[in-house]
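Below: the structure, in structure tokens.
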């Protein structure tokens, strides 16, 4: 798919990198851009060829996102406020449960609104949800007067038309009052490849995308929804990222 190029992704303050594990990056133009299909291939090959389980990548994604949020809160002078996290039923929701655990451990008051009952979750997301449940983090709604809201409803797999329940969840996020609305990987309702936005689509203040930029995030059409764009290193092997960016 290539590497990130173009004037928008070079604008000062718009694209940042943040490492779950330290990684030196010289500029945004050095960073890979992966389509939806290539992201699926990244997950598959990381496990098959490098022995990195998906749950490890999910932990790295969520932990790196939580660190970004905590650093941002510290810069703004927000101390141990309320965080509401909207979690979907897939891996994006699993990332949200990881964020919830780390922010709760950092002393924040965290509440979760899940679109799927915890007992119906499967795979890595179910593992992370069980951790949250064991910690006693409430999963009965976003709560009120949140300092920070986190969108973990839909990830790169979304395309097409929103289900009515998800459309209502996205509309509720957009209508809620917060100082910062953060989208994990990409704003829910945004097509990862084309940048086309559903109606509604989350309008984030910041988007923390994982492992690589997605072409849709860099499109002109996505700008009103993405906000500040940061890259979170999830520990995917650099050689694998380079192979996928080249189309190997």
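Within the set 229, 149, the sole residue that is assigned to a strand (DSSP E or B), touching a helix residue (DSSP H, G or I) at 6+ places or on another chain (Cβ under 7 Å) and closer than 23 Å to residue 82 by Cβ turns out to be 149. Here segment 213-226 is the region considered, the condition is being in contact (Cβ under 8 Å) with a residue 60 or more places away in the chain and out of contact with any helix residue (DSSP H, G or I) (no Cβ under 6 Å at 6 or more places or on another chain), and the residue that is farthest from residue 62 (Cα to Cα) is 220.
How many of the residues making up segment 117-136 are within 20 Å of the chain's Cα centre (by Cα) and outside any helix (DSSP H, G or I)? Number of matching residues: 2. Of everything listed in (1) outside any helix (DSSP H, G or I); (2) modelled with pLDDT of 95 or more, the single unmet condition for residue 159 is (2).
Of all residues in segment 192-226, those satisfying the criterion of being buried (at least 17 other Cβ atoms within 10 Å of the Cβ) and assigned to a helix (DSSP H, G or I) are 215, 216, 217, 218, 222, 225, 226. In summary, residue 80 fulfils each of the numbered conditions (1) under 19 Å from residue 144 (Cα atoms); (2) modelled with pLDDT of 95 or more with the single exception of condition (2). When segment 90-110 is filtered for residues that are crowded, with 16+ Cβ neighbours inside 10 Å and in a loop (DSSP other than H, G, I, E, B), the ones remaining, listed by number, are 90, 108. Residues that are assigned to a strand (DSSP E or B) and either closer than 17 Å to residue 187 by Cβ or within 12 Å of the chain's Cα centre (by Cα) (or both) within segment 52-89 comprise 84, 85, 86, 87, listed in sequence order.
Residues that are touching a residue at least 12 places away in the same chain (Cβ under 8 Å), within 23 Å of residue 165 (Cα to Cα) and touching a helix residue (DSSP H, G or I) at 6+ places or on another chain (Cβ under 7 Å) occur at least once in segment 72-84.
The values are calculated or read from the model by the stated rules, or taken from the named source; none is laboratory data. Since we're looking at a predicted model, the values are computed, not measured. Heads up, the Cβs are rebuilt from the backbone with ideal geometry, glycines too, and the neighbour counts pull from every protein chain shown.
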